[in-house]
Amino acid sequence: MAGHHRQASGAIRKKVQVSFVIRDETERSHRSGVNALQYDGTLNRLYSAGRDSIVRIWNTKSIKDPYIQSMEHHTDWVNDVVLCCEGRTLISASSDTTVKVWNAHKGFCMSTLRTHKDYVKALAYAKDREHVASAGLDRAIFLWDVRTLTALTAANNTVTTSSLNGSKDSIYSLAMNQPGSVIISGSTEKVLRVWDPRTCQKLMKLRGHADNVKAIVINRDGTQCLSGSSDGTIRLWSLGQQRCVATIRVHDEGVWALQANDTFTTVYSGGRDRRIWATDVRNPDNRTLICEEKAPVLTLELVQNSDQPSLWVSTTDSTIRNWPIKHRLSRMSGDYDNFNEIPTPMCTQPDMTIKGGASIRQYHVLNDKRHVLTKDTNEDVALYDVLTARKVEELGAVDLEEEIKKRFKMVHVPNWFSVDLKTGMITIHLEETDCFAAWVSAKDVGIETSGDGPDTKLNLGGMLLQALLEHWPRTQMEEGSENGDMNGEMNGDMNFDRKTGNPYFSVPGHTPLIFSEMGGRTLFRLLCRDAGGDTEQMLLNETVPPWVVDITVDKNMPKFNKIPFFLQPHSTSGIKCLKKDRLSASDMLQVRKVVEHVFEKVMGQGSETGSQNAGQDRTDYDKVPEDDGIPAEEKVELLCNDQILDANMDLRTVKHFIWKQGGDLTLHYRPIKH
């Protein structure tokens, strides 16, 4: 079901971009860091919130294959999750600016809350009242009644919410006690702000940290709280006294994650230094190093109502581990190395490991502006095809720079997409300003066209949009429909015997397709194959921008790009130049065609006549006959910056690789002396 709130009509909409993700159909492993965890002890399920935009569900009793399901609806990092209603409902917060409500048992999105204006970084849950709070970079805190959220429907999706205002900076941490009488936020303001969520009244500000407050936990009655900061300290606060009563210094670097036991006597902490400590809140000198992780710790989830208490830990890499808690707190307990006094961890092996996948960290777009080389966190290199939204080849642990050099071709195709690696997978963004910049010949991209006519020219962005939306009924046409004629020469010998998309290729049906405001919020996400669903059709009709409708529904292909240039006799040619005319042609025009033009119309009929005809469109050049069976390029040569040009090169490649300067391209011609 598409969890999507209708936008208010009449609002001025920003420019809309189209994005899609190149990925496997089922992504069973996290591909980047895991920001949050929630454990359901009744069902032995673990919920993990990934930077790859996916919430996953794991069976913690199945050591070998714990994967149950992926919950996909977000389009950016999922920053926090809370399990509510005795495990039936999951709430998630994301950098896509939304809060989503999920059926936790079945794993589908029930509704989407679009109240925030920026990244939503933190959630807090009051179990006794079934209230959830959300906060983030827009500095606002919103309070939600979970029972109201779960009753939302597509027809009735209006939500009333209370808000807590007053934060001066972006909020990164949030906590609420179980009865819902106190809520505390932490931010880059370096202070903790305390409210009564029942009245939305500000209660106090707690000062003391020297950097961003990244984690907060509160005791049940709301009299004490613990905060962890990027300044490397954990502070214990008395809300009654409105002051810090203890500062705990166990970490070398920033503290990013905290958990406390039910009695609020032990705090578990982790952060940038990768170490996880258990500290006695009443006597902070009593502490134990539980374990050392392999990457900075992002979140902890304490499991204490079981035979063996344990900590689920996630880090900036994609693997999740479960560490047993076997400690008894003692004064700086642990064995020490006399040389550096680093304690030995209580645990060296986790009880369970949920292995993550590799995250793509580097990319290079090849000159054909179709293929992308990537390198991931395992140092493996792969080749992707943007046009068909597929991984083409896994090259293994090869040298990326060498692979780039090996695949270099002296061909220039304009940029028409951008690449985003934020989720650890390849996301491609298409924007109206440059999506249609890249025209190529069918031969050059290895696409076979029928007929013996001139080489068909294809627009990469146009074809890709048609493939992405081929399941949307509005784009479908009857066989032999007149709409099949796509604007002059672009059509060439295209034969639209397929009802949808473009005649050459499709993209995988599982490809996520995303419409969003430029640099802003997501409007709609769906899988390409689902575009025919009733709800999806309605939302696509509302969301697809006119520039995409024009090409996918109306089949109007964009115009060719023109390139201005001057055509002059070379100083060694012995030909006098009567006047300097500025010509214009398709930027894909091959040097061969310009040579034919020079031979037939300039040198053959005199330069005055030639200059009148030289500015014609590329289609005129296609009709120029070759003279007496001997190709014109064997009689005339074309130069740029005194470099003789290959007849197969096109004008945009000449300008990019040989002209290499501002101003209009200047070409010189001269007869070849045999």
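The values are calculated or read from the model by the stated rules, or taken from the named source; none is laboratory data. These numbers come from a predicted model, not from an experiment. Neighbour counts run over all protein chains shown; Cβ positions are idealised from the backbone, glycine included.
Could you check, for the range 528-540, whether at least one of its residues is surrounded by fewer than 15 Cβ atoms within 10 Å (Cβ to Cβ), assigned by TED's automatic domain parsing to the domain that holds VAL419, charged (D, E, K, R) and out of contact with any His (no Cβ under 7 Å at 6 or more places or on another chain)? The answer is yes; a qualifying residue exists.
Among the helices (runs of 4 or more DSSP H) confined to the range 532-651, the ones with at least 2 residues that are at pLDDT 85 or above and out of contact with any strand residue (DSSP E or B) (no Cβ under 8 Å at 6 or more places or on another chain) are located at 534-543, 546-552, 591-597.
Within the range 652-666, the set of residues being assigned to a helix (DSSP H, G or I) and over 13 Å from LEU589 (Cα atoms) comprises HIS656, PHE657, ILE658, TRP659.
Counting only strands (runs of 3 or more DSSP E) that fall entirely inside the range 14-82 and contain at least 3 residues that are of a type outside the set (A, V, I, L, M, F, W, C), the qualifying elements are 34-40, 45-50, 67-72. For first residues located in the range 253-264 and closer than 20 Å to ASN212 by Cβ, partners that are acidic (Asp, Glu) and assigned to a loop (DSSP other than H, G, I, E, B) and lie 6+ apart or on another chain with Cβ distances below 6 Å form the pairs GLU253/ASP273. Filtered by the rule that a residue be of a type in the set (Asp, Glu) and over 39 Å from the mean Cα position of the chain (by Cα), the range 247-297 gives ASP280, ASP285. Counting only residues that are more than 20 Å from the chain's Cα centre (by Cα) and on the phi > 0 side of the Ramachandran plot, the range 356-404 holds 2 of them. Looking at the range 27-66, which of the residues that are basic (Lys, Arg) and surrounded by 21 or more Cβ atoms within 10 Å (Cβ to Cβ) is modelled with the lowest pLDDT? Out of the qualifying residues, it is ARG31. Of all residues in the range 192-212, those satisfying the criterion of being closer than 19 Å to PHE142 by Cα, assigned to a strand (DSSP E or B) and in contact (Cβ under 8 Å) with a residue 12 or more places away in the chain are LEU192, ARG193, VAL194, TRP195, ASP196, LYS202, LEU203, MET204, LYS205.
Residue count for the range 392-433 under the criterion of being under 20 Å from ILE551 (Cα atoms) and in contact with a helix residue (DSSP H, G or I) (Cβ under 8 Å, 6 or more places away or on another chain): the result is 5. Would a scan of the range 131-153 turn up a residue that is on the phi > 0 side of the Ramachandran plot, part of a loop (DSSP other than H, G, I, E, B) and at pLDDT below 90? Within the range 131-153, not a single residue is on the phi > 0 side of the Ramachandran plot, part of a loop (DSSP other than H, G, I, E, B) and at pLDDT below 90. Going residue by residue through the range 247-268, is there one that turns out to be touching a Cys at 6+ places or on another chain (Cβ under 8 Å) and farther than 16 Å from PRO309 by Cβ? No, the range 247-268 contains no residue that is touching a Cys at 6+ places or on another chain (Cβ under 8 Å) and farther than 16 Å from PRO309 by Cβ. Of all the residues in the range 546-600, those that are among the acidic types (Asp, Glu) and closer than 17 Å to TRP439 by Cβ number 2.
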